[in-house]
Amino acid sequence: MHFFNQSTSIKQQATLWIERLEIGLSYEQKQLLIDWSKQSEQHQSALFNIASLWDDLSIKAELATLLPMSPTPSQPNEYLNRWVFIAISVVISLSVLSIISLNFIVL
């Protein structure tokens, strides 16, 4: 008996992969993640969706490095929006860090 449908199972697996990525993956584990993500577009989509809920920007950056998404014709704006969001988040984070460091220098 299956308690989860296929979509739920993929989301759970994606969550486990993101949790493992946060802890740190070996080279072999990274290859397994890449292989898993290539099984279907649903796998890769689930990974990026779960990663978007994570607070840690380094997880998103590492995932984007491991699995560069190519936009599909039906999703070019979603792909672009994801990268714009990541870029803006990085710029804001760096700006806040520089302001904080300047305040410590002045004090």
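The values are calculated or read from the model by the stated rules, or taken from the named source; none is laboratory data. None of the values given here were measured: they were computed from a predicted structure. Counting neighbours? That spans all protein chains shown, and the Cβs are built from the backbone with ideal geometry, glycine included.
Just name the residue that is modelled with the highest pLDDT out of those in the stretch 71-107 that are surrounded by 10 or more Cβ atoms within 10 Å (Cβ to Cβ) and not in a helix (DSSP H, G or I). This residue is Gln75.
Taking every residue in the stretch 35-49 that is touching a residue at least 12 places away in the same chain (Cβ under 8 Å) and pairing it with any residue that is of a type in the set (Ser, Thr, Tyr) and in a helix (DSSP H, G or I), at least 6 positions away or on another chain, the pairs with Cβ-Cβ distances below 7 Å are His43/Ser37; Gln44/Ser37; Leu47/Ser37. Scan the stretch 36-59 and tell me whether some residue there is modelled with pLDDT of 90 or more, of a type in the set (Val, Ile, Thr) and either in contact with a Pro (Cβ under 6 Å, 6 or more places away or on another chain) or in a helix (DSSP H, G or I) (or both). No - not one qualifying residue is present in the stretch 36-59.
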